[in-house]
1. Quickly run through the range 1-26 and pick out the residues that are among the aliphatic types (A, V, I, L, M) and free of Cβ contacts under 8 Å to residues at least 24 places away in the same chain.
2. Kindly indicate whether residue 59 is acidic (Asp, Glu) and more than 20 Å from the chain's Cα centre (by Cα).
Amino acid sequence: MADIGVGYGMIAIAAGLAMGLSALAAAIGEMAIGSAAVGATAEDRDMFGKGLILTVLPETLAIFGLVVAVLLWLKMP
């Protein structure tokens, strides 16, 4: 069995935290914006497009977290 140093474990933990915490933050943002978008759409049907776009915007946090996690993962041999 190969001897894996503590540094590789730290990189793996950092990649997991980067992805997990960014996805959690995106979910919280989507929850708040999504409920407001549904309320706005219920009052005015023309707000659907704006609400949909605003609901998707927090997902960029999860995408950035995925990019950071992949960059960290590529540091491991």
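1. Filtering the range 1-26 for residues among the aliphatic types (A, V, I, L, M) gives 1-2, 4, 6, 10-15, 17-19, 21, 23-26.
Correct list: 1, 2, 4, 6, 10, 13, 17, 24.
2. Details: acidic (Asp, Glu): yes; more than 20 Å from the chain's Cα centre (by Cα): no.
Judged against the criteria, residue 59 is not a match.
Bear in mind these aren't lab numbers, they're just calculated from the coordinates by the rules spelled out. Every value quoted in this text rests on a predicted model; they were computed, and no experiment measured them. Positions of Cβ are generated from backbone atoms using ideal geometry, with glycine treated the same way; all protein chains shown enter the neighbour counts.
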